[in-house]
Amino acid sequence: MPRSAQLSIDEGQSYVDPQSESKLLAHKQQLIDQVLKLHPRFNAAFHQVSISGNVITVEAPTIALESDLNNSRAEICEIIAGVAGVEGQLELKVVLNEVEVKLLPVKIEDRYQFIEDINPEGVKFFIEKFDLTL
């Protein structure tokens, strides 16, 4: 480690490897494979990985996965640093990308209204064809 880096660490500041981005990009697939080998439940988050400097950004589709990633942040950074050969500080940024799922209606009246909103002609066809009444 260079003398200036040792001084920074000794003074309580953190050291960032100036080549961290190039090292991470060169070993991107290997580090993803190693993290998923040790933590397969993180598969959904490691589909979209972006690297900028010493910051690795992943997207979590659920709050539970985001929480698990945040709890395992130090371990994941150690795995990545070991694979890529990065010395110094690494930061794992977890972005929540939760998709809202629209629920379908449950009661028969609500289902009828839902189908009628989608295709009014289709509802008339089924009423005439099957002699349905509501």
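At a glance:
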quantity: Average accessible surface area per residue within the stretch 42-92, 1.4 Å rolling probe, Å²; calculated: 46
quantity: DSSP bridge orientation in the stretch 41-133 - percent antiparallel, rounded to nearest 5; calculated: 40
quantity: Residue 107-residue 25 FRET efficiency (beta carbon distance; Förster radius 41 Å; 0.05 resolution); calculated: 0.15
quantity: Globularity index of the stretch 17-134, i.e. its alpha-carbon radius of gyration over 2.2 N^0.38 Å; calculated: 1.79
quantity: Those residues of the stretch 54-83 whose amide nitrogen sits under 13 Å from the label point placed on residue 44, 7 Å along Cα→Cβ; calculated: 59-69
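The values are calculated or read from the model by the stated rules, or taken from the named source; none is laboratory data. Only a predicted model underlies this, so the values are computations on that prediction, with no experimental measurement involved. Using ideal geometry, Cβ is built from the backbone for each residue, glycine included, and neighbour counts are taken over all protein chains shown. Note: accessible area is taken over every heavy atom of the protein model, side chains too, but ligands, DNA and RNA are not part of it. Shrake-Rupley method; radii C 1.70, N 1.55, O 1.52, S 1.80 Å.
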